[in-house]
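J.: Let me give you the structure first, and then I'll get to my questions.
The values are calculated or read from the model by the stated rules, or taken from the named source; none is laboratory data. In this text, all values refer to a predicted model and were calculated from it rather than measured experimentally. Glycine gets a Cβ as well: all are built from the backbone with ideal geometry, and neighbour counts include every protein chain shown.
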Amino acid sequence: MFYEGVIQDLIEEFSRLPGIGPKSAQRLAFHILGADPADVERLATALRDVKKQAHFCSTCGNVAVDVEECAICRDPRRDQTILCVVEEPKDVVAVERSREFRGRYHVLGGAIDPMAGIGPDELRIRDLMTRLADGVVTEVIIATNPNLEGEATATYLARMLHTLEIKTTRLASGLPVGGDLEYADEITLGRAFEGRRLLDV
């Protein structure tokens, strides 16, 4: 069913967002229609402000607000010799939550996915190679997602970095705590076997 005018326009705009199907777009549109005008105005202001003030860091590709470089790139306490390569800015947040990594990041802006028309040239791989050219970085940790696209990207990066003779490591992955073996996919299970370690008794 199609709605009239601005309602249909709003549904169509919501439908263009990632992960939002027609039903979800319709629910969001009707939520906005019934919401308090002040709430809607706050949402509109937030959308305008994020486009005006936020952008991608000129160095690593992470999100930066009101400045050229993100807070991590500006932090002199971060270890400049270790670089963690991730797919998206949200992955930086995930790694930071672990509080285990004190180096710097490089955000690729996605993963190699031939089916979606995304090859190495569409990612920030050339920028990565430029960053590594000065010899400051001694280790690159590849932390792409453990799926087919992430694995393809990791393999491609490993081949590229091999020519620079920089220590290249892959973020370990395996079975989640509390998970069942029968539900693990073959990539996760394979990586779990590769990363097995001795048990201390």
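J.: Among Ala172, Ala154, which is hydrophobic (A, V, I, L, M, F, W, C), touching a helix residue (DSSP H, G or I) at 6+ places or on another chain (Cβ under 9 Å) and either within 21 Å of Val93 (Cα to Cα) or free of Cβ contacts under 8 Å to residues at least 12 places away in the same chain (or both)?
T.: Values: Ala154 fails: touching a helix residue (DSSP H, G or I) at 6+ places or on another chain (Cβ under 9 Å).
Result: Ala172 is the single residue among Ala172, Ala154 that is hydrophobic (A, V, I, L, M, F, W, C), touching a helix residue (DSSP H, G or I) at 6+ places or on another chain (Cβ under 9 Å) and either within 21 Å of Val93 (Cα to Cα) or free of Cβ contacts under 8 Å to residues at least 12 places away in the same chain (or both).
J.: Can you find, within region 152-188, the residue that is surrounded by the fewest Cβ atoms within 10 Å (Cβ to Cβ) among those that are among the hydroxyl-bearing types (Ser, Thr, Tyr) and at pLDDT 80 or above?
T.: This residue is Thr163.
J.: Among Glu149, Glu87, which is the only one that is under 27 Å from Arg196 (Cα atoms) and either surrounded by fewer than 18 Cβ atoms within 10 Å (Cβ to Cβ) or in contact with an Asp or Glu (Cβ under 8 Å, 6 or more places away or on another chain) (or both)?
T.: Residue meeting the stated conditions: Glu149.
J.: When only residues in region 1-36 that are acidic (Asp, Glu) and within 32 Å of the chain's Cα centre (by Cα) count, which is nearest to Leu47 (Cα to Cα)?
T.: Within region 1-36, the match that is nearest to Leu47 (Cα to Cα) is Glu13.
J.: Show me the helices (runs of 4 or more DSSP H) entirely contained within region 110-201 in which 1 or more residues are within 19 Å of the chain's Cα centre (by Cα) and among the hydrophobic types (A, V, I, L, M, F, W, C).
T.: 125-132, 148-162
J.: Something else: Could you list, in sequence order, the residues of region 75-109 that are free of Cβ contacts under 8 Å to residues at least 24 places away in the same chain, assigned to a loop (DSSP other than H, G, I, E, B) and closer than 24 Å to Leu148 by Cα?
T.: Of everything in region 75-109, just one residue is free of Cβ contacts under 8 Å to residues at least 24 places away in the same chain, assigned to a loop (DSSP other than H, G, I, E, B) and closer than 24 Å to Leu148 by Cα, namely Glu88.
J.: Would you confirm whether any residue within region 65-74 is at pLDDT below 95, of a type in the set (A, V, I, L, M, F, W, C) and part of a strand (DSSP E or B)?
T.: Yes: one or more hits.
J.: On to the next question. Check Ile11, Ile7 and return the single one that is surrounded by 16 or more Cβ atoms within 10 Å (Cβ to Cβ) and either free of Cβ contacts under 8 Å to residues at least 24 places away in the same chain or not in a loop (DSSP other than H, G, I, E, B) (or both).
T.: Ile11
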